[in-house]
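The values are calculated or read from the model by the stated rules, or taken from the named source; none is laboratory data. Given the structure is predicted, the values throughout are model-derived calculations rather than measurements. Cβ placement follows ideal geometry from the backbone for every residue including glycine, while neighbour counts extend to all protein chains displayed. Accessible surface is based on the protein model in full, side chains and every heavy atom, while ligands, DNA and RNA are left aside. Shrake-Rupley method; radii C 1.70, N 1.55, O 1.52, S 1.80 Å.
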Amino acid sequence: MDKIVVEGGNRLVGSIPVSGAKNAALPILAASILSSGPSTFKNVPMLQDVATMAKLLRQLGGEVDGKHTMVVHPPHGKKLKLEAPYELVKTMRASILVLGPLVARFGRARVSQPGGCAIGTRPIDQHLKGLAAMGAKVHLDHGYVEVECKRLRGATIVLDMPTVTGCENLMMAATLAKGRTVLENAAREPEVEDLALMLNKMGARVQGAGTAIITIDGVDELHAVEHTIIADRIEAGTFAIAAAVTRGDVLLEGAQAEHMDAIMAKLRGAGATVTVESGGVRVRGGGDLRAVDITTQPHPGFPTDMQAQFMVMATQAKGESMIKETIFENRFMHVPELCRMGAEIHVDGRVAVIRGQKKLAGAAVMATDLRASASLVIAGMIASGKTEVLRVYHLDRGYEAIEKKLRGVGAKIKRVRG
Ligand code: EPZ
């Protein structure tokens, strides 16, 4: 297994190109199933998760070509296979996003239940409740979920929580349903908005994306589309933290500030200088960092996907910071690794208290989930000596060429093939 080796002590200076958003690309690629013709997607991030989604689309009988610009011929004809197998789904939970489009377009689907992951049990009850409300027969069979419905019908669905992929699955399913679907307590993430924009370009009638109430009026068919994926606000936020803690000066090229209000507010609260420029967002770390408290929330609140990265900044801030993780039940696995590097962090349930101004020392550390591994790379950039981040396959799921991008702004970082 590959590892990332980081030497601490360098300031990050220069500009980093921000890739397309992983969490927009995944539902958008799945949505291509809803049309019959080949769609073209631009600004696709070259990530392990995107490769997995492409593999799944091929497995279903589709064709996928290209890299940053991808052409997808949706599953069709004799090669059509309405099953997403466990072998694939277990490597990427977001495979569940093919469920809604398959049922809407072909009337049935058999998808392995994604199961949990390191950060939590990750249930899909809201996805299934919504499809059942639209008239689908839902059957659990040996770890698979089988969903059937000749034609879905519009329904009003009140989500128990603003689930991102739950909302995306149901929004996609509703585009071809008969009648109107209203999703209440909908997720408001920018990635949900980008998906809705693409669906409407395909001929769907989605209104209210980005708000808590999304209305979808079903149509009979959708056509192929060309769509450019939004920038990845979490990748941009990750590099912003790295700039702040290394007292650097980095332009996040292509970052969309309008998606990053909560992240920018907390960076400014901590004493970083954040300025919106024509080419993106510039982050400067100057004087001492201040302690800030964070509670993760659904968008537009502070994103859970930035929690681990902010925790590293808290270890350097003047004072004591409190971080409350309200979205996932087990998203503090980076804590013991950071403590091994010299951080002082106390966890009590969903709350972590971080004592600041701790000198970190490089160590061999274990990545456990995507964003935790990013936080360990950032910690390695400010620790004394060398840090080896093991199991970087977690990192490759959500960050495109991270060591190349960070080396480009002065980090002493390399990948050692294992
Ligand atoms: C999406 O996951 C993202 N993934 C996650 O990003 C992100 O952390 C998460 O949203 C929250 O913002 C993609 O978009 C591919 P949820 P998702 O459904 O949709 C509970 C990353 O690092 N829930 O919004 O799976 C669930 O347990 C990844 O890029 C149910 O109870 O998250 C959680 O507590 C990690 N039943 C909460 O809702 C359901 O049916 C939010 O989960 C669905 C969710």
Only one of Gly210, Gly269, Gly254 is free of Cβ contacts under 8 Å to residues at least 24 places away in the same chain and within 19 Å of Ala25 (Cα to Cα), namely Gly210
Would you confirm whether or not the range 68-75 contains a residue that is surrounded by 23 or more Cβ atoms within 10 Å (Cβ to Cβ) and within 16 Å of the ligand (Cβ to nearest atom)? no
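Condition first: assigned to a strand (DSSP E or B), open to solvent by less than 40 Å² (accessible area, probe 1.4 Å) and within 16 Å of the ligand (Cβ to nearest atom). Now tell me which residues in the range 136-175 satisfy that.
Val145, Val147, Ile157
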Could you identify the single residue in Val44, Val5 that is more than 21 Å from Glu83 (Cα to Cα), surrounded by fewer than 20 Cβ atoms within 10 Å (Cβ to Cβ) and aliphatic (A, V, I, L, M)? Val5
Sole miss for Val219 among (1) touching a residue at least 40 places away in the same chain (Cβ under 8 Å); (2) not in a loop (DSSP other than H, G, I, E, B) is condition (2)
Go through the range 266-299 residue by residue and tally those that are outside any strand (DSSP E or B), open to solvent by 60 Å² or more (accessible area, probe 1.4 Å) and out of contact with any helix residue (DSSP H, G or I) (no Cβ under 7 Å at 6 or more places or on another chain). 5
May I ask you to verify whether Thr156 is among the hydroxyl-bearing types (Ser, Thr, Tyr) and modelled with pLDDT of 95 or more? yes
If you go through the range 240-248 one residue at a time, do you hit one that is closer than 30 Å to Ala104 by Cα, over 21 Å from the mean Cα position of the chain (by Cα) and buried (at least 22 other Cβ atoms within 10 Å of the Cβ)? no
Would you mind telling me which numbered condition in (1) acidic (Asp, Glu); (2) free of Cβ contacts under 8 Å to residues at least 60 places away in the same chain; (3) part of a strand (DSSP E or B) Glu388 fails? (2)
Kindly indicate the residue of the range 364-385 that is open to solvent by 10 Å² or more (accessible area, probe 1.4 Å) and in a loop (DSSP other than H, G, I, E, B) and also farthest from the ligand (Cβ to nearest atom) among those meeting that condition. Gly385
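Look through the range 301-333, keep the residues that are among the β-branched types (Val, Ile, Thr), more than 14 Å from the chain's Cα centre (by Cα) and not in a helix (DSSP H, G or I), and return whichever of them is farthest from the ligand (Cβ to nearest atom).
Top of the filtered list is Ile323.
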Would you check if there is a residue in the range 169-177 being under 17 Å from the mean Cα position of the chain (by Cα) and in contact (Cβ under 8 Å) with a residue 60 or more places away in the chain? yes
So is Ala109 without any contact (Cβ under 8 Å) to a residue 40 or more places away in the chain, touching a helix residue (DSSP H, G or I) at 6+ places or on another chain (Cβ under 6 Å) and away from the ligand (no atom under 16 Å from the Cβ) or not? yes
Looking at the range 106-125 only, could you name the residues that are of a type outside the set (Ser, Thr, Tyr), closer than 27 Å to Leu47 by Cα and not in a loop (DSSP other than H, G, I, E, B)? Ala109, Arg110, Val111, Cys117, Gly120
